[in-house]
Amino acid sequence: MITWWAHFGLREPPFGLTPDTSFFFPTQPHQDAHETLLYALDAGEGFMVVEGEVGTGKTLLLRRLLNALPERWQAAFVPNPGLDPRGLYAAIANEFGVSAEGASEDLLHRLERHFIALAQQDRQPVVLIDEAQAL
């Protein structure tokens, strides 16, 4: 029995639960957005938003950006931020390898210390939040 993806000449199914950057097709708007995000990060922009309709490739763009970040950036990727503030802090801490135990205030102090340590190593933290409209 032939699979549907083999019927269309594909080696594997192109649509999984998690977007796969190997299937990225660089349309001009996606290339422009990717380059703009890298430029803005390099320029020290503190806050950026990518918006678009459902299914237009925002998640894939973020994952591609995550894979393309140079060593000087340490990234945290939060795929589903439907969390309360404490949960969001914990998700970010976990992504950075920082203990998420204890009270929110303690957690924020640990994150701050981690960010200071990164700055001392000439590295910059980057937090990528997918589906940020859920915040």
Give me the Debye-computed log₁₀ of I(q)/I(0) at q = 0.15 Å⁻¹ for the chain, equal point scatterers on Cα only, no solvent, two decimals. -0.84
Spelling out what I want: for every residue of the stretch 105-117, take phi, set θ = phi - 60°, compute 6.51 cos²θ - 1.76 cosθ + 1.60 (Karplus), and round to whole Hz; glycine and proline get x. 4, 5, 4, 5, 5, 5, 4, 4, 4, 5, 5, 5, 4
Relative to the present Cα-Cα distance, how much length would full extension add between GLN31 and ALA119 at 0.36 nm per residue of separation? 28.8 nm
Using only alpha carbon pairs under 8 Å that are at least six residues apart, calculate the relative contact order of the chain and give it in whole percent. 24 percent
Quick check: net charge around ASP122, other residues with Cβ under 11 Å of its Cβ, Lys/Arg +1 and Asp/Glu -1? +1
Express the relative contact order of the stretch 66-109 as a whole percentage, based on alpha carbon pairs under 8 Å and six or more residues apart in sequence. 31 percent
For the chain, whose charge dipole is built from +1 on Lys and Arg Cβ atoms and -1 on Asp and Glu Cβ atoms, the candidate among ALA40, PRO14, GLY55 with its Cα farthest towards the positive end is PRO14
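Where a number appears in this text, it was derived from the coordinates with a stated rule and is not lab data. These figures come from a predicted structure and were not determined experimentally. Here Cβ is always computed from backbone atoms with ideal geometry, including for glycine, and neighbour counts include all displayed protein chains.
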